[in-house]
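Here is the structure we will look at.
The values are calculated or read from the model by the stated rules, or taken from the named source; none is laboratory data. These numbers come from a predicted model, not from an experiment. Neighbour counts are summed over all protein chains in view; Cβ atoms, including those assigned to glycine, are modelled from backbone coordinates with ideal geometry.
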Amino acid sequence: MKLVLRYLPWISLVLALVYVGERLARTESFDGQYDLRAFSQLPVSADGRTKPLDTVARNNLMVLSGRQSIRTDDGRISAIQWYIELVTKPKDSVQRRVFRIDHPDVLALLGLDDEKRTRFSFAELRVAGEEISRQARMADQIKPKARDPFQRAVLVLYQRLSLFSNLSQIQKPYLVPPLTTSKEWRSIITALNENPNDPDAQMMMQMLEAYNQDNAESFNTNLAKYTEAIDQIIPYDARKARYEVLFNQAQPFYTAAVVYVVAFLIGCFGLLLSQLSKPTWSKSLLGSMTSLILVALVVQTIGIAARIYLQGRPPVTNLYSSAVFIGWFGVIIGLVVDRQMKLGLGGIMASVIGFGTLVIAHNLGGSGDTMGMMQAVLDSNFWLTTHVVVITIGYSATFFAGFMGVSYVLLGVFTPVLDRERGKSLIKMVYGVICFATVTSFVGTVLGGIWADQSWGRFWGWDAKENGAALIVLINLLILHARWGGMVRDRGLVVLAISGNIVTAWSWFGTNMLGVGLHSYGFTQSAMFWLSMFMLSQLVLMSIGMLPMSIWRSKFAKPAPLKNIPEQAG
Amino acid sequence: MIRKVLKPLASLRLTVVLFALSIFLVLAGTLAQVRQGIWTVVDQYFRSVFVTIDLQIFVPEKIANIGFAIIFPGGLTLGIALAINLIAAHAVRFKLKAKRMGIIITHLGVILLLVGEFVTGFAAQEGNMTIREGETSQFVEDVRSSELAVIDKSDPKDDLVVVIPDRILSSRKEPISHSLLPFTIKVTEWMHNSTILGPNQDQGSRKGLVDSGAAIEYAAVPMPRATGVDGANVDAPSAYVTVYKGEQPIGTYIVSAYIDQLQAVVVDGRTYWMELRFKRTYKPYSVHLIDFKHDKFTGTQMARNYSSQIRLVDKGRNVDREVLIYMNHPLRHAGETFYQASFLQGDTGTVLQVVQNPGWLIPYVSCSMVTLGMLLHFGIRLVPALRRRA
């Protein structure tokens, strides 16, 4: 038994690697005679970016139905299969149940409220087409913020219906590559209008026609010809598209999230056992947790690296990738803290942050392409690398300190886990991380100022997002000075650190929701709700942290003395 | 004795209180931007001694109506207070020790940073230069203020221009006179931001107020001030003005940023031309726009890049060269910086932002100092602390 316990971390490491390896290497299987795999790898141009048809199919199906494949009674239909059917066999595709509708009033409007399902076909909705347009027109005249849930749902449905018809008419994406007749990507219709015999457009047309006529042999031959042509003329785009399909199928962030959850559970168990006086067990489990987190971190790193390669951009380009990156760095801080503290707490926090931010990212990227192009003024790899990455690390560190504060309060008030020794070392870590957060958030903010000065001559413009960044710097400075001045001790430090969570969440999301300023991208109504809930929860935690010491379940012999903390500054 | 005075000023408690007040002010100044233009907010909140904060900004009107405001120290007050606190702290506790070098450098940097924002606030000037392709411009417009220009073109060589700034237009109740003009101008209504209604729109009581100039049958109505930082949201001022010859009214006009053409005022058989325009500053150099480019991503309306190919001529400095100004690549010339800011409809011309900020270098220096100081301080203090490991 002892031997098992000793090697458990290594065993976990191997098991996790096996799981991850299997997940990453998994490729979609296509049955049938059509070479849909090769078809899904063809590059096309959509939203200003060259990407594989696979991405187009997945993203659009995701927007319509909230899933990346269709489940039918006869089994699963992949996104690419759905897509090629959509553009070649409209009669079949209108029968596919791909429109997700949740709002009961919308269902009632369509006369579909008796159905016990949430996904409907174009054919079912077409019947009520006039009514949907009428309702959508009325909703459209209301200002976005004033619309009620029904009006929003109707508008969403209307947009999805137009997306469906646009896709089926192959206006977008641009399917005709710049091979022989043009230097630009074109839509099939544009290309054929210019010249009905355009060879580039014909190649794609022949493929689609073959599918339409159920001629697998002709489809595959044409596809092979087509693939050869793009490999020769646009090899870079062709290769990148192939990698992107691999990336889509591997879903590294999903895999990492699964491993973080397992790590979290094992870690909690380990922490519990340490209370039940089973130190060997506890140590072994906590070690396993660390192995798992390392594996998940590696997978997440691979995912981020793949995105960097595919986009040709630094890791953070939008809210989605900021969540992935904040989590990634949070996990690293967690592992460092874990090494310093040997309590398991750093690792547990790392797994929570890793999983939590990936869930947030999933919801932020829920619809559409997460690798979209950048607005002109943001198009600067240098500043994206320096300013955005550093400021995101600052967010990450401030959050980390905040969540360590949360764990201090929760463990201290509700469990006897925190003795004096552990409490002290946790406080030290909070303090250290806040120092780090102060430096990175300050440097990140300053780099943003320099970028602003370079691009429109104003180092500081008091823009909402700039102010948000300044708030993070200010709250960290406030905490440090309050500590140095002896105004707060351990408890005060953690309660203030939790308030850092509120400020950071505000700066990360809240400022985008005001709808003013350069940074106001990505507003969603539900995000507003969750943000408020999060802030509220942190306020509750701060109040819990301020409960009288006598009802804390962890009994500290006496407050930690101040002498180990750097003395007053100034 | 001095120490006794300085001691309370140097307190860390005061520092923390000032940080807390600053956090509240910055938050309020952010939320206020939802309703007010960013420049109004910056002046009211961050460059003021005191600010009246309407508490409604914290709560949506849908949830509750709060008819309540508080007086709060403005950015200027807090900045100066922080500087005093910091200087006092160093005066009281000054010790030049190697391990305190980090803190000293950081704090010197902070003071410099505050000074920099002060200089920017009071000395920086921003303006726009709008140029159509193939045309040349010699002046910069400040879209945050406007002026009424009255132009006498009777001299074939030089125009004679009398300019009345918006400060006077918006406040003067009596007719405005000038020794070079044979008439007076009375502003009957001034609008900081406005829109123009056509003959077929419902003009209400404003119908038929205008009897002269380019806007007969039109009406101007006031609009709320523009909000946000976005360059597209610019206040477009308009005014109703009546021109008098002595006591005798000659005509009532609308002057407006919306009216591009000059409006004629004929007095004693002599024609003067009148125009409400953004405030102009003439420069000793000229900028000629050769070509403006607006590239988009394939198949989308999303901008990939904007760029202006210009020719800069400054005879006094012996400069005559072509420059390409584009995103993140401004032109610096004669203490001014030219940035690609916007463009005219149909990509027919460019809008360059021209900034003159004598303190532009200060933030660079101060921020480097703060960063260096912090790294030094935490490097000196934190690393051994972590190594000791509790």
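The table that follows gives values for the structure above.
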item	result
Some residue of the stretch A:238-248 being in a helix (DSSP H, G or I) and over 27 Å from A:Arg313 (Cβ atoms)	no
Test: residue in the stretch A:478-485 that is small (Gly, Ala, Ser), within 10 Å of another protein chain (Cβ to nearest Cβ) and under 19 Å from B:Leu78 (Cβ atoms)	yes
Any hit, the stretch A:152-163, residues being within 30 Å of A:Asn220 (Cα to Cα), under 27 Å from the mean Cα position of the chain (by Cα) and modelled with pLDDT under 90	yes
Hits in the stretch A:254-288 - residues which are buried (at least 21 other Cβ atoms within 10 Å of the Cβ) and of a type in the set (Phe, Trp, Tyr)	A:Tyr260, A:Phe264
Top-ranked residue in the stretch B:13-48 [being hydroxyl-bearing (Ser, Thr, Tyr) and over 16 Å from B:Phe72 (Cα atoms); ranked as farthest from the other protein chains (Cβ to nearest Cβ)]	B:Thr40
Residue tally, condition surrounded by fewer than 20 Cβ atoms within 10 Å (Cβ to Cβ) and either β-branched (Val, Ile, Thr) or part of a helix (DSSP H, G or I) (or both), over the stretch B:121-137	4
Enumeration of residues in the stretch A:135-149 that are at pLDDT 85 or above and surrounded by 12 or more Cβ atoms within 10 Å (Cβ to Cβ)	A:Gln135, A:Ala136, A:Arg137, A:Met138, A:Ala139, A:Asp140
Residue that is farthest from B:Val26 (Cα to Cα), among those in the stretch A:451-470 that are assigned to a helix (DSSP H, G or I) and out of contact with any Phe, Trp or Tyr (no Cβ under 7 Å at 6 or more places or on another chain)	A:Gln454
Among the residues listed as B:Val234, B:Val210, B:Val221, the single one being farther than 30 Å from B:Tyr339 by Cβ, in contact with a strand residue (DSSP E or B) (Cβ under 8 Å, 6 or more places away or on another chain) and assigned to a loop (DSSP other than H, G, I, E, B)	B:Val210
Set A:Val63, A:Val4, A:Val18: member being out of contact with any helix residue (DSSP H, G or I) (no Cβ under 6 Å at 6 or more places or on another chain) and in the same structural domain as A:Asp102 (by TED's automatic domain parsing)	A:Val63
Single match in A:Thr415, A:Thr386 (criterion: touching a helix residue (DSSP H, G or I) at 6+ places or on another chain (Cβ under 8 Å), surrounded by fewer than 22 Cβ atoms within 10 Å (Cβ to Cβ) and over 19 Å from A:Ile308 (Cβ atoms))	A:Thr415
From B:Gly346, B:Gly359, B:Gly316, B:Gly335, residue being within 14 Å of chain A (Cβ to nearest Cβ), free of Cβ contacts under 8 Å to residues at least 60 places away in the same chain and either loosely packed, with under 14 Cβ neighbours inside 10 Å or not polar (S, T, N, Q) (or both)	B:Gly335
The stretch A:180-208: number of residues that are assigned to a loop (DSSP other than H, G, I, E, B) and within 14 Å of another protein chain (Cβ to nearest Cβ)	5
Lone unmet requirement of (1) at pLDDT below 90; (2) within 7 Å of another protein chain (Cβ to nearest Cβ); (3) surrounded by 24 or more Cβ atoms within 10 Å (Cβ to Cβ) for A:Gly461	(3)
Answer residue from the stretch B:211-238, given it is modelled with pLDDT of 85 or more and under 19 Å from B:Arg35 (Cβ atoms) and is farthest from the other protein chains (Cβ to nearest Cβ) among those	B:Pro222
Residue list for the stretch B:243-261, filter: surrounded by fewer than 18 Cβ atoms within 10 Å (Cβ to Cβ), touching a residue at least 24 places away in the same chain (Cβ under 8 Å) and under 28 Å from the mean Cα position of the chain (by Cα)	B:Tyr258, B:Gln261
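Yes/no per residue for (1) away from every other protein chain (no Cβ under 13 Å); (2) buried (at least 17 other Cβ atoms within 10 Å of the Cβ); (3) in contact with a strand residue (DSSP E or B) (Cβ under 9 Å, 6 or more places away or on another chain); (4) part of a loop (DSSP other than H, G, I, E, B):
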position: B:Asp295; (1), (2), (3), (4): no, no, yes, no
position: B:Gln301; (1), (2), (3), (4): no, no, no, yes
position: B:Ser307; (1), (2), (3), (4): no, yes, yes, no
position: B:Arg321; (1), (2), (3), (4): yes, no, yes, no
position: B:Gln340; (1), (2), (3), (4): no, yes, yes, no
position: B:Val354; (1), (2), (3), (4): no, yes, yes, no
position: B:Tyr364; (1), (2), (3), (4): no, no, no, no
